[in-house]
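Report on one structure; see the data block that follows.
The values are calculated or read from the model by the stated rules, or taken from the named source; none is laboratory data. Since we're looking at a predicted model, the values are computed, not measured. Cβ: placed from backbone, ideal geometry, glycine included. Neighbour counts: every protein chain shown.
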């Protein structure tokens with residue numbers, strides 16, 4: 001301490017302060033500190049060297065093990081029923097990020113985590129397959145239509161009805177106005193199944209009616225997808241729904257229970273009222289779908305209403321899902337044969353699709369529909385990420401002189417999906433496909449229209465809808481409905497821009513690079 | 001207020017509008033059948049007003065009206081952006097060159113004043129003159145740029161105004177009202 005004070009006094013006296021060295025500690029303490037620091041450094045170095053030697057040895061084992069396991073899993077992936085691009089992507093992903101990729105694959109593969117659920121579904125589907133009989137299709141003049149009806153029956157026991165009628169709605173607003181007026185008429189049961197249910201004006205309008213109906217003894221049941229409605233349907237609202245006497249069930253909870261793969265989502269949009277009327281389409285139960293909330297410009301959506309015996313297909317599909325979620329047997333017959341017959345100009349086949357069926361019904365019926373087009377093939381979809389089969393079919397149709405038109409949104413909801421969709425669709429322009437983007441709008445309608453028939457529903461033209469999601473749609477060749485859909489295409493094209501070879505985004509290098517990168521993960525989209 | 005809470009029969013729309021655009025925005029939305037039911041100062045921003053409109057839920061040509069409204073909102077937003085960036089290039093280039101020229105002048109004057117040598121004095125004056133010249137050149141460039149930007153602005157402004165007029169015309173045809181050009 002003395003030394004310090006001496007030195008300090010020196011500083012005070014000194015003229016050249018900066019030249020004076022000030023000692024603040026005793027030498028003994030400094031030596032001890034230095035020794036401790038050196039010891040710690042040596043210890044750290046020792047740990048590093050040892051761990052390097054140990055880990056490098058372990059790393060060799062890890063490499064060996066991951067190589068063997070990658071090889072085994074890659075063989076498993078290659079022999080799976082994924083399509084070519086998905087297989088290639090999974091193999092690449094498994095080889096480059098083995099541990100993480102394995103975990104993701106484990107979570108997403110429907111054969112691993114979905115196996116138990118599939119068994120359960122099969123059991124339920126077996127119970128329901130004889131509930132309805134297929135109609136006599138001999139009166140169906142068009143062979144292509146007849147083939148599709150037959151396919152839907154063979155693939156999922158979706159019967160064709162010749163005495164049902166349908167009404168097409170070119171917007172979510174019109175669709176939900178019709179749903180509201182039908183809900184008000186309900187006397188026995190209301191079944192609602194949606195991917196997204198969101199708090200808002202539309203929900204309030206529907207909930208007000210459902211509350212009233214539940215109070216007078218109408219059986220009201222709602223299924224919502226837990227991921228789709230995550231953050232949009234508040235917990236408080238769920239409690240209100242249940243306390244109003246409405247039966248509510250989430251599909252595939254986000255809490256990782258591992259009884260069903262997490263990426264398998266219920267994308268269906270179904271409303272069934274008394275087994276007499278049913279609705280499906282592209283629109284979810286949220287304000288943006290009726291343009292009462294602005295999200296991505298104008299929201300172009302659509303829907304379809306059916307009346308008649310064909311409703312039973314959707315009633316059974318809803319109840320199948322309900323039985324799967326509740327594990328309680330259902331007396332299906334109690335809810336069937338409620339509708340009257342109508343004079344119809346064509347067939348109506350409501351159907352659903354999903355990983356619970358042996359084949360991808362959605363993809364196959366789309367492929368059939370495209371293959372059957374001889375004069376025109378109009379497609380409206382928010383996303384365009386099909387596999388090679390569908391892409392080649394569309395190209396062949398365009399090259400064969402079929403008038404192929406595809407309408408996509410101009411405004412993107414998910415930027416990376418939009419880049420891939422746009423890239424895929426622009427490749428078709430070179431083969432004569434006319435591609436339009438609806439100005440300042442997000443097109444969310446999912447429609448395929450040919451000169452003979454149409455499919456309207458929730459099925460996007462992408463791999464998720466084909467392979468991973470539970471979807472709902474209606475196949476019809478009713479003249480008035482086909483005309484209404486055709487008018488919707490004409491009207492939408494009026495508000496759209498035709499993409500020409502000069503306006504291709506692919507002309508820009510940065511777009512091609514981005515598209516190439518995003519394309520790698522497109523099987524996930 | 002009754003209409004705002006009556007979500008069964010009425011649609012509601014809330015807008016946050018700059019005070020200087022208030023009249024124009026209200027008029028534009030009224031063409032679409034929206035009725036102003038509430039107007040109040042924004043809690044956070046002094047120059048913003050919160051507007052609440054209502055419209056009967058069931059109206060004719062609703063889909064087309066909604067689509068045209070999106071087009072109108074897009075044009076109005078573009079118009080606002082255009083006005084905000086009316087002379088953005090002139091301003092930014094002017095600021096950059098101006099600062100540079102000013103720096104030259106100050107450095108030149110300081111060098112000339114502080115130096116004891118003739119070389120330093122001459123050097124300082126030269127640097128200051130370069131600064132002055134920069135200002136002259138900048139003025140000429142900025143004048144041309146300003147004129148150019150004004151032309152582009154006026155052209156786009158007129159285009160947007162006529163596009164808005166076309167939207168108004170389409171909408172009034174849909175609602176069965178009357179339209180006119182100012």
Notebook entry, point to check: Since residue A:294 meets every condition but one in (1) outside any helix (DSSP H, G or I); (2) closer than 30 Å to residue A:413 by Cβ; (3) touching a residue at least 24 places away in the same chain (Cβ under 8 Å), which condition does it not meet?
Noted result: (3)
Next item on the list: Check A:187, A:211 and return the single one that is away from chain B (no Cβ under 12 Å), surrounded by fewer than 21 Cβ atoms within 10 Å (Cβ to Cβ) and in a helix (DSSP H, G or I).
Entry: A:211
Notebook entry, point to check: Given (1) assigned by TED's automatic domain parsing to the domain that holds residue B:163; (2) more than 30 Å from residue B:134 (Cα to Cα); (3) in contact (Cβ under 8 Å) with a residue 24 or more places away in the chain, where does residue B:51 come up short, assuming only one miss?
Noted result: (1)
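So if I check each of A:181, A:171, which one is closer than 30 Å to residue A:231 by Cα, over 26 Å from the mean Cα position of the chain (by Cα) and within 14 Å of chain B (Cβ to nearest Cβ)?
On the way: A:171 fails: over 26 Å from the mean Cα position of the chain (by Cα).
Residue meeting the stated conditions: A:181.
The rows are residues; the columns are (1) in contact with a helix residue (DSSP H, G or I) (Cβ under 8 Å, 6 or more places away or on another chain); (2) within 16 Å of residue A:369 (Cβ to Cβ); (3) surrounded by 24 or more Cβ atoms within 10 Å (Cβ to Cβ).
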position	(1), (2), (3)
A:437	no, no, no
A:444	yes, no, yes
A:449	yes, yes, no
A:459	yes, yes, yes
A:465	yes, yes, yes
A:474	no, yes, yes
A:520	yes, no, no
Item checked: Qualifying residues in the stretch A:214-245 (those that are farther than 26 Å from residue A:274 by Cβ and surrounded by fewer than 19 Cβ atoms within 10 Å (Cβ to Cβ)) - the one farthest from the other protein chains (Cβ to nearest Cβ) -> A:226
Checklist line | Test for residue A:489: is it in a helix (DSSP H, G or I), modelled with pLDDT of 95 or more, more than 14 Å from chain B (Cβ to nearest Cβ) and in contact with a strand residue (DSSP E or B) (Cβ under 8 Å, 6 or more places away or on another chain) | finding: yes
Notebook entry, point to check: Could you say whether any residue in the stretch A:191-198 is away from every other protein chain (no Cβ under 14 Å), part of a helix (DSSP H, G or I) and at pLDDT 95 or above?
Noted result: no
Next item on the list: Test residue A:164 against the stated conditions and say whether it is within 13 Å of chain B (Cβ to nearest Cβ) and either without any contact (Cβ under 8 Å) to a residue 40 or more places away in the chain or closer than 25 Å to residue A:320 by Cβ (or both).
Entry: no
Check: For the stretch A:133-150, which residues satisfy the criterion of being crowded, with 20+ Cβ neighbours inside 10 Å and either touching a strand residue (DSSP E or B) at 6+ places or on another chain (Cβ under 7 Å) or closer than 25 Å to residue A:335 by Cα (or both)?
Finding: A:148, A:149
Checklist line | strands (runs of 3 or more DSSP E) contained entirely in the stretch B:1-87, each with at least 1 residues that are within 12 Å of chain A (Cβ to nearest Cβ) | finding: B:10-18, B:48-56
Check: Looking at the stretch A:305-325, is at least one residue farther than 18 Å from residue A:474 by Cα, under 24 Å from the mean Cα position of the chain (by Cα) and part of a loop (DSSP other than H, G, I, E, B)?
Finding: no
